[in-house]
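Colleague: Just passing along the structure, written as structure tokens.
The values are calculated or read from the model by the stated rules, or taken from the named source; none is laboratory data. Source: prediction; values computed, not measured. Note: accessible area is taken over every heavy atom of the protein model, side chains too, but ligands, DNA and RNA are not part of it. Shrake-Rupley method; radii C 1.70, N 1.55, O 1.52, S 1.80 Å.
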Amino acid sequence: QVQLRESGGGSVPPGGSLRLSCVISGREPNIWAMAWFRQAAGKEREFVAALNRGGQITLYGDSVQGRFTMSRDNAKNTVWLQMDSLTPEDTAVYYCAASSVVDRSAARWSNWGQGTQVTVSS
């Protein structure tokens, strides 16, 4: 299968930016559609963004549209999530996921990383 390792989380003030990374390893790391989800304390896992394996099709969640940008470099087996204009409502554990299809539902994603904490606070 595939292994996913996120990094780049941290604590930033409102209005700040962070860039999350997810390194993909294992068998055929570039065949997967990739996504970012997040889960705030006491809430359900929320769709953030997804890319098809070629990077031509990108979906974003309504709450991050226009502020977050997802990208991938298949030569580096890496996907990124650039997060700008962060607000306290963006505070969550952010997870990288891989699947054979692009979908907004977490149930359709079969491979998950361990997550990285993002905290937005003054």
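Colleague: Convert each backbone phi in the range 7-21 into a coupling constant with the Karplus relation 6.51 cos²θ - 1.76 cosθ + 1.60 (shift: θ = phi - 60°), then list the ³J(HN,Hα) values in order as whole Hz, x for Gly and Pro.
Modeller: For the range 7-21, the Karplus curve yields 7, x, x, x, 10, 9, x, x, x, x, 10, 9, 10, 8, 10 Hz.
Colleague: Which whole-number percent is the relative contact order of the chain (Cα, under 8 Å, 6+ apart)? Write out the running numbers ahead of the final one.
Modeller: Details: 305 pairs, mean separation 43.6, N = 122.
Once divided by the residue count of the chain, the mean separation gives 36 percent.
Colleague: Let me ask something additional. State the percentage of accessible surface on the range 1-119 attributable to carbon and sulfur atoms; use a 1.4 Å probe and exclude ligands, DNA and RNA. Before the final figure, lay out each step's value.
Modeller: Details: 2750 of 5970 Å².
Exposed carbon and sulfur together represent 46 percent of the surface.
Colleague: Give the accessible surface of the chain per residue, rounded to a whole number of Å², with probe radius 1.4 Å and ligands, DNA and RNA excluded.
Modeller: Solvent-accessible surface per residue comes out at 51 Å².
Colleague: Taking each pair of distinct Cα atoms in the chain once, what is the resulting Kirkwood hydrodynamic radius in Å? It would help to have the intermediate numbers written out before the result.
Modeller: Details: mean 1/r = 0.0710 Å⁻¹.
In the chain this quantity evaluates to 14.1 Å.
Colleague: In terms of modelled amide H atoms, which long-range or inter-chain residues lie less than 5 Å from the amide H of residue 91?
Modeller: 120
Colleague: Tell me which residues come under 5 Å, amide H to amide H, from residue 53 once H is placed; ignore anything under 5 positions away on its chain.
Modeller: Those lying under 5 Å, H to H, from residue 53 are 33.
Colleague: Rounded to whole Hz and in sequence order, give me ³J(HN,Hα) for the range 84-97 from the Karplus expression 6.51 cos²θ - 1.76 cosθ + 1.60, θ = phi - 60°, writing x for Gly and Pro.
Modeller: 10, 6, 5, 10, x, 5, 7, 4, 4, 8, 9, 10, 8, 9
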